[in-house]
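Participant: Pasting in a structure now, in structure tokens, and then I'll have a few things to ask.
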Amino acid sequence: MTADYSFSNLYNSRYSLPPRSNGSKSTCIKISPDGQYFAVSTSDSTIAIHTLASGKLKIKFHGHTKGVSDICWSPDSHYLASASDDRTIKLWGLAEAQCIRTFVGHSYSVSCVQFNYKGNLLISGSADEAIRIWDVQRGKCLKTLSTHSDPISSVDVSWDGTILASGSYDGLIRLFDVLSGQCLKTLMYEMTDSSFPISYIKFSPNGKYLLSSSLDGVIRLWNYNNNKVVKTYRNHRYKPSPSATGGGQVYGDEELSVAEKYTCSTEFITVNNKPSMIASGTEHGNILMWDLDTKKIATILSTGEDSPVLQIDTAQSGKVLASVTLSGLVQVWDLQE
Amino acid sequence: MNLLLLDPFEVAKEYPETLTNSLQYGHSRFLKFNKKGDYLASGLLDGSICIFDADTNQVIAVLKQHTGVVQSLEWSNCGRYLLSSSTDCKVLLWDLKTKTVIREIIFESAVWTAQLHPTNTFVFVCTIFNDDPVYVDWSNENDIRILKIPTTPYQPEQSLTSDKNEDGDKHIEEPEPKKQKKSKDLAFCVKFAYNGKLMFMGTNKGWLNIISNFDNSSWLKTIYSQKICSSHAKQIVISEKTSKIFVNCSDRIIRQLSIHEDFITKYLKNPSEPTKDEGKSEDSEASGASATENNENDEFEIELKYQDVVNRLQWNSITINHNGEYLIASTYGSGAHDIYMWETTMGSLTKVLEGPKEELFDIDWNNKRCCIGANGLDSGYVYLWTNIIPQKWSALAPDFVEIEENVEYSEQEDEFDILPNEEINQRQLNEEDEHVDIITKDEVDARGLQEEESFVIPMILKKDIDLSDGEDVD
């Protein structure tokens, strides 16, 4: 492979919020489904809600006793669920400006939460190796799925709410029937002798494919119906090119991982009239975007920090992108029309 | 989408077999699943309506306004509106977004049933105790149009028929049945069919009347009638896919009528002109009504009759599955606790759903989830029959396959070949050439049912619920 493309400026940074002064780490950023707000969670157990348009702080939620690992908006944008190392999940009401539910049941740190599209079920994964399905209305656990043998790193639900996918440090991706709680399928990457921990998974917008990030630093797109990896996305080393002007970079042969240590989240970017892309944060402060079909890197967004981009989230299928680094730098990007 | 990953033999099952759940909230009298099958509305004896979330089997909303027994419930296609009728003489239209009544009407006597127009949420027909059924259009809140629907069987008008009917010599027979009738015909059920263009009405004298809903001179007039039994026609179920009508009659027989092909061309394609054929069929109908049931000129042929010959059971309620291939009926009487299921091509009894030890009253079929719901007359519980799909254990290990019998393993030619890493990588890359569509969703599910967007009833979470439930949480 050779360098046969240039890095176009697909995204422009709208604004950025600097890391906090107290040195606490940020873990997650999520844009509300109505596009009004974004929420940032931190390792010092707070959740901050900002207005997306301006970045102005709207409200801060305090209540967890340990760091918050993951947050998820309810589909109607009225509520926010947070997974914490204090073994609980809390549901915060935006209008009520307080915690309205606490889901107790996990026996170790809760690492991930996800609503189904109706917002009546909440799925959580924990370091206690179990996945729990919660009834949001009553705040009770409906099912506990204990089939993984290592901490759960990520959960996602298909658009129609029938399939739940989980990724675990045991290297397996499992798919479950949400209604019955049965395991429907297990995916494992076969090319390697030892499997690498799965750090993040995400269903494609139509739910037919599953994007997995693993700690071998590679992102794979699965067609889970026939257990095949249909695309592999890799990071390549970039060498500063002495000849190119404007600080261009040349695409080298050497490979660099996307993330081997941290969970850097992925997103599908499916803006109308543009080729679909896969976006992922990297460990070195960049956001990489690959063309979905050709697997070539389409663009690189640099946060300017040498800190892992732990979470990216999109609004309007990718027209707006928000990112947060471990150090706490929040950036909001706009797609160039 | 989960269906694709489940055992195809289990998914292909057309009806549920096991009683798996019972839901309790008040005393359920009427129940109805929404089209998507993710909510169940249950009308109670005290007039409240409760809505169960089929994902959690919990009550998510209780709608209170009726003061009498809920007689019928109807979901709009989009799943946002609910039409309810009750013995308190009211018909209400609920908006589930706000969980409030947006239209209300009070009649002079109790309402039997109310049915929504299939496409227009603001039009419904309802049958009223001891009164004519009415057609109501309340799209404009300040100008609610209420029109009575005639219940007398079709009589070709003299002027109309004499104009165009060539075999007019039979006309003298027509007025006779009219004069014979002393008491008024009463309708027990009215059903919209064919996109709401026609209405099918069952009367207490066993007539099946078809009423036009075309915006022309024959609007809300009976355009065809056929006598199908000599008792009440209690309930009508129409399967347009298979052109069948099921009529639950109080003579303990469910009659299955087939709709002739030319019926649709005659009444739907050219509805403005009732043709002379129609007059002819009516003539012969009038002359031979008392004698035969299957008249050659009848639009509907009685194909099958479902009855319990041994116990002579009365049928409480009937319904069909989405493609009209199965008919189920709940049975009347304290000794009967079962739901009977027949397949409708041959009329053979396929299955008797057992379970609860009480009489079952109303039944409904949730096609999307392959589930049948019924409520108990004494307890008021809602019972649900579903299929339990067994866990496929091979799903837990990626390289395991479940087999029925031992298979002798034959090694593939290249199975243990040692390939250099580059070649493996190259092979893998070659396989990754295919185009990937991550956006287009499937339009139908594995059972062939449409995947449709449906309204999601908004949750209102209050902190106090959390506190009252808090003690259960450890």
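We did not get these values from a lab; they are worked out from the coordinates using the rules stated. Since we're looking at a predicted model, the values are computed, not measured. No Cβ is skipped: glycine too gets one built from the backbone with ideal geometry, and neighbour counts run over all protein chains shown.
Participant: Please work out the FRET efficiency for the pair A:GLU190 and B:VAL101, using the Cβ-Cβ distance as r and a Förster radius of 51 Å; give the result to the nearest 0.05.
Facilitator: So the FRET efficiency works out to roughly 0.30.
Participant: Also, quick follow-up: If you rank A:PHE196, A:PHE38 by fewest surrounding Cβ atoms within 10 Å, what's the result?
Facilitator: Least to most surrounded, the residues fall as A:PHE196, A:PHE38.
Participant: Explain nothing, just the number: relative contact order of chain B, from Cα pairs under 8 Å at least 6 residues apart, as a whole percent.
Facilitator: Computed value for chain B: 14 percent relative contact order.
Participant: Counting C-alpha atoms alone, how compact is chain B: give Rg to one decimal and Dmax as a whole number, in angstrom.
Facilitator: My reading of the Cα-based Rg and Dmax gives 26.9, 97 Å.
Participant: Counting Lys and Arg as +1 and Asp and Glu as -1, each charge on the Cβ, what is the dipole of the range A:11-335 about the Cα centre in debye, to the nearest 20?
Facilitator: For this selection, approximately 660 debye.
Participant: Taking the alpha carbon gyration tensor of chain A, what are the square roots of 5 times its eigenvalues, largest first, to the nearest whole Å?
Facilitator: Over the Cα atoms of chain A, the ellipsoid semi-axes are 30, 24, 17 Å.
Participant: Set Lys and Arg Cβ to +1 and Asp and Glu Cβ to -1, take the dipole of the protein assembly as shown about its Cα centre, and tell me which of B:TRP315, B:LEU73, A:SER149 lies farthest positive.
Facilitator: It is B:LEU73, whose Cα lies furthest towards the positive end.
Participant: Specify the angular offset, from 0 to 90 degrees and rounded to the nearest 10, of the alpha carbon long axis of helix B:276-288 from the longest principal axis of the alpha carbons in chain B.
Facilitator: Once rounded, the angle reads 70 degrees.
Participant: A further question on this structure: For every helix of n ≥ 4 consecutive DSSP H residues, a contribution of -39,500 (n - 2.57) applies; sum these over the protein assembly as shown, divide by its total residues, and give [θ] at 222 nm rounded to the nearest 500 deg cm²/dmol.
Facilitator: Rounded to the nearest 500, it is -1500 deg cm²/dmol.
Participant: Continuing with the same structure: Show me, for the range B:232-243, the HN-Hα J-couplings you get by feeding each phi into the Karplus relation (A = 6.51, B = -1.76, C = 1.60, θ = phi - 60°), rounded to Hz, glycine and proline as x.
Facilitator: Karplus values, whole Hz, x for Gly and Pro: 5, 9, 7, 8, 10, 10, 10, 10, 6, 4, 9, 6.
Participant: Quick one: 3J(HN,Hα) in Hz for the range B:32-46, Karplus 6.51/-1.76/1.60 with θ = phi - 60°, rounded, Gly and Pro as x.
Facilitator: My calculation for the range B:32-46 gives 8, 7, 6, 4, 6, x, 9, 10, 10, 9, 10, x, 9, 4, 7 Hz in order.
Participant: Could you put A:LEU221, B:LEU304 in order, starting from the residue whose Cβ has the fewest other Cβ atoms within 10 Å?
Facilitator: B:LEU304, A:LEU221
Participant: Provide the FRET efficiency to the nearest 0.05 for the A:HIS62-B:ASP215 pair, computing r from the beta carbons and using R0 = 56 Å.
Facilitator: 0.35
Participant: To continue, here is another question. Assuming R0 = 60 Å, what is the FRET efficiency of A:SER180 and B:LEU147, from their Cβ-Cβ distance, to the nearest 0.05?
Facilitator: 0.80
Participant: Can you list, bin by bin at 10 Å, the percent of alpha carbon pairs in the range B:295-391, starting at 0?
Facilitator: 15, 45, 29, 9, 2, 0
Participant: In addition: Please list, ordered by chain and number, the residues whose modelled amide H lies under 5 Å from the amide H of A:ASP70; skip anything fewer than 5 residues away on the same chain.
Facilitator: Under 5 Å from the amide H of A:ASP70 lie the amide H atoms of A:ALA83, each far enough along the sequence or on another chain.
Participant: Enter the angle in degrees (range 0 to 90, nearest 10) between the Cα long axis of helix B:421-431 and the first principal axis of the Cα atoms of chain B, meaning the one along which they spread out most.
Facilitator: Taking the Cα atoms of chain B, the angle to B:421-431 is about 10 degrees.
Participant: Amide H of A:LEU145 versus every other amide H placed in the peptide plane: which residues, excluding those fewer than 5 positions away on the same chain, fall under 5 Å?
Facilitator: A:ILE131, A:ARG132, A:ILE133
Participant: I would also like to ask the following. In nm, give the distance between the simple-model label positions of B:THR67 and B:LYS305, each being 7 Å from the Cα along the Cα-to-Cβ direction.
Facilitator: So the label points at B:THR67 and B:LYS305 sit 4.5 nm apart.
Participant: Quote the charge dipole size of the range A:13-74 about the Cα centre in Debye, to the nearest 20; the model charges only the Cβ of Lys and Arg (+1) and of Asp and Glu (-1).
Facilitator: 160
Participant: Can you give the average number of partner chain beta-carbon atoms within 10 Å of each beta-carbon in peptide A:77-86, as a whole number?
Facilitator: Counting other chains' Cβ atoms within 10 Å and averaging over A:77-86 gives 1.
Participant: Moving to a separate point now. Using 24 Å as the Cα-Cα cut-off, could you pick out the over-long pairs in A:LYS60/A:LYS319; B:LYS36/B:LYS227; B:LYS13/B:LYS244; A:LYS118/B:LYS357; B:LYS36/B:LYS305?
Facilitator: The pairs that break the limit, which is 24 Å between Cα atoms, are A:LYS60/A:LYS319; B:LYS36/B:LYS227; A:LYS118/B:LYS357; B:LYS36/B:LYS305.
Participant: Determine the dipole magnitude for chain B: charges of +1 sit on the beta-carbon of Lys and Arg, -1 on that of Asp and Glu, nothing else is charged, the reference point is the Cα centre, and the result goes in debye to the nearest 20.
Facilitator: 3640
Participant: Hey, which lysines would be in cross-link range of A:LYS185, C-alpha to C-alpha under 20 Å, not counting anything within fewer than 8 residues on its own chain?
Facilitator: Straight-line reach from A:LYS185, under 20 Å: A:LYS143, A:LYS202, A:LYS208, A:LYS228, A:LYS231, B:LYS392.
Participant: Can you list the residues, at least 5 places off or on another chain, whose amide H is less than 5 Å from the amide H of B:ALA54, using H built in the peptide plane?
Facilitator: B:TYR39, B:LEU40
Participant: With just the Cα atoms of the protein assembly as shown, tell me how far they stretch along each of the three principal axes, in Å, largest first.
Facilitator: Taking the Cα atoms of the protein assembly as shown, the three principal extents are 106, 65, 54 Å.
Participant: What's the extension gain from B:LEU268 to B:ILE460 if we count 0.36 nm per residue and subtract their Cα-Cα distance?
Facilitator: Here the answer is 64.6 nm.
Participant: Label A:ASN226 and B:SER334 with points 7 Å out from Cα along Cα→Cβ: what is the distance between them in nm?
Facilitator: It works out to 6.3 nm between the two label points.
Participant: Please quote Rg/Rh for the range A:147-228 to two decimal places, taking the Kirkwood radius as Rh and restricting both calculations to Cα atoms.
Facilitator: 0.93
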